[in-house]
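The values are calculated or read from the model by the stated rules, or taken from the named source; none is laboratory data. Remember, predicted model here, so these are calculated numbers, not experimental data. When we count neighbours, we look across all protein chains shown, and the Cβ atoms used for this are built from the backbone with ideal geometry, even at glycine.
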Amino acid sequence: MTVIVRDLRPDATPEIEGFIRVRHAALPYIFFSPESVRHALSLPHLRDHLRMLVAEEDGEIIGTAQVSLAQDSPEPGQGHLNVYVHPTRTGRGAGALLVRAAEEHLAAHGATHLYAWVPDEPGNRAFAERHGYRPSRSAHFLVLDLARAELPPLQAPPPGVELRTAADFADDPRPLFALDAEAGSDEPSDIETEFTDYDAWVAEYWTHPHLDLELTSVAVADGRPVAFSVAHTNGAGRYGTGMTGTARAYRGRGLAKLVKNDSLHRAHAAGYTEAYTGNDSDNGPMLAINKWFGYEIRATEVRHVRVLG
């Protein structure tokens, strides 16, 4: 049987479901939906270079790749390709074909550094290294059994701090954009992040179909948001933390714990049973907070990089 690689067709629901099935089988800690896939493909600021590829064998989708240029980095030429093959369909050449197609696309768009997240397993790491990628940093996927977890008791905010939700900023999310830009730029990463385009942020993050405004907790002080814990939900029991961050001037006061605990308690009350998050291995403070809540590391990915030319 011959494996072919082509673009995902966003108007073909069974095809999108096949894409999602492969991703969830290979990496069950990040949830996708037809709505979230179509959302990514519809973003105007990504349209020129974002590609979602599928590897197909005898009419069955057995591999996927998400390919794009880094839009939030001040450094040009930073490309992403994340390739996943269904665990029961490896060894058929799908991964190599996806990597080749992704690299050709990124090189044509001026990419000089290619970054790929690779499951921390011997076979996957060996595959990446055979294709010229070298390991860089790692990140963990963490899971909390929210149905049975004994969450820390809720605590009152410290004086001068008020707990609110992202829904309170529905008419004007710009203050949350400013907080996200500041907190996100300090996260450990191979690529410097810098949010400067408010409209692109609204399109990509604020209107994301999994963003749950009611369960996203925000700490407000001195008239502005100073900490938040961003909640993504799938409406079927799964709750994920997209980002927990604190403005620099307000760190060291326990606000990250405060907002995340508030969000987790409300997610539990709303019937969510599984909580997911991810942390860079060098993000010691957030790993410690998640351990305090009872999260357990379930898997690790290692970021690999290939320099072109």
inquiry  = Looking only at residues that are among the acidic types (Asp, Glu) and in a loop (DSSP other than H, G, I, E, B) in the stretch 53-78, which one is nearest to the chain's Cα centre (by Cα)?
reply    = Asp72
key: Among residues of the stretch 37-63, those that are surrounded by 14 or more Cβ atoms within 10 Å (Cβ to Cβ) and either among the aliphatic types (A, V, I, L, M) or closer than 13 Å to Arg6 by Cβ (or both), counted   = 16
ask   = In the stretch 103-122, how many residues are closer than 17 Å to Glu301 by Cβ and among the aliphatic types (A, V, I, L, M)?
value = 3
query = Which of the following residues is under 28 Å from Val37 (Cβ atoms) and either of a type in the set (D, E, K, R) or surrounded by 15 or more Cβ atoms within 10 Å (Cβ to Cβ) (or both): Val230, Val220?
reply = Val230
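The rows are residues; the columns are (1) assigned to a strand (DSSP E or B); (2) assigned by TED's automatic domain parsing to the domain that holds Tyr295; (3) at pLDDT 95 or above.
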residue: Trp117; (1), (2), (3): yes, no, yes
residue: Arg125; (1), (2), (3): no, no, yes
residue: Glu129; (1), (2), (3): no, no, yes
residue: Leu151; (1), (2), (3): no, yes, yes
residue: Glu162; (1), (2), (3): yes, yes, yes
task = Restricting attention to the stretch 1-19, report how many residues are over 20 Å from Ala101 (Cβ atoms) and at pLDDT 95 or above.
result = 1
inquiry  = Restricting to the stretch 286-309, and then to whatever is more than 19 Å from the chain's Cα centre (by Cα) and more than 14 Å from Leu142 (Cβ to Cβ), can you tell me which residue is surrounded by the most Cβ atoms within 10 Å (Cβ to Cβ)?
reply    = Arg306
inquiry  = Checking the condition within 13 Å of Leu146 (Cα to Cα) and either in the same structural domain as Pro28 (by TED's automatic domain parsing) or not hydrophobic (A, V, I, L, M, F, W, C) (or both), which residue from Ser281, Ser263 passes?
reply    = Ser263
request  = Of the numbered conditions (1) over 28 Å from His39 (Cβ atoms); (2) touching a residue at least 24 places away in the same chain (Cβ under 8 Å); (3) of a type in the set (D, E, K, R), Arg251 fails exactly one; give the number of that condition.
outcome  = (2)
task = For the stretch 79-90, indicate whether the set of residues that are touching a residue at least 60 places away in the same chain (Cβ under 8 Å) and assigned to a strand (DSSP E or B) is non-empty.
result = yes
ask   = Is there any pair with a first residue in the stretch 167-188 that is loosely packed, with under 15 Cβ neighbours inside 10 Å and a second that is among the basic types (Lys, Arg) and outside any loop (DSSP other than H, G, I, E, B) whose Cβ atoms are under 8 Å apart and which are 6 or more apart or on different chains, and what are they?
value = Asp186/Arg248; Pro188/Arg137
Count of residues meeting criterion [in contact (Cβ under 8 Å) with a residue 24 or more places away in the chain and aromatic (Phe, Trp, Tyr)] in the stretch 31-78 = 1
key: strands (runs of 3 or more DSSP E) completely within the stretch 233-309 that count 1 or more residues being closer than 22 Å to Tyr205 by Cα   = 238-246, 274-280
